[in-house]
């Protein structure tokens with residue numbers, strides 16, 4: 001039996017550390033095939049299910065090596081998402097910086113993503 005999802009998308013500052021610990025326990029249990037203390041959000045659970053079904057290991061995947069700067073530039077130029085990157089940079093990076101989040105834009109090439117470049 002799976003526990004119902006909780007709304008953890010916007011924890012308050014007072015509960016953020018506790019929420020982070022709970023999410024870590026949920027992730028660890030789910031990826032180890034154990035019953036989690038709560039269900040992840042459906043979109044996260046579906047992603048983890050795909051990853052497990054495909055045999056990917058997020059902690060040991062050898063494909064996760066860093067791309068060269070040249071390869072990142074090439075992928076950005078060739079990506080069908082290329083036309084939205086300037087808007088994402090302008091509209092979201094400052095918000096992500098303030099919230100101490102990162103923004104990753106991923107395409108369909110093996111799940112690898114590249115964060116939009118930062119201004120110098």
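The values are calculated or read from the model by the stated rules, or taken from the named source; none is laboratory data. It should be emphasised that the depicted structure is a prediction, and the values quoted were computed from it without experimental measurement. Positions of Cβ are backbone-derived with ideal geometry, glycine not excepted, and every protein chain shown enters the neighbour counts.
Considering only helices (runs of 4 or more DSSP H) fully contained in the range 31-120, which possess at least 3 residues that are surrounded by 13 or more Cβ atoms within 10 Å (Cβ to Cβ), at pLDDT 75 or above and under 15 Å from the mean Cα position of the chain (by Cα)? Before you say what the answer is, go through the steps one by one.
Numbers: elements: 42-53, 69-78, 85-99.
Result: 42-53.
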Problem set entry | In the range 1-30, residue surrounded by the fewest Cβ atoms within 10 Å (Cβ to Cβ) [restricted to those that are over 21 Å from residue 99 (Cβ atoms) and at pLDDT below 85] | 1
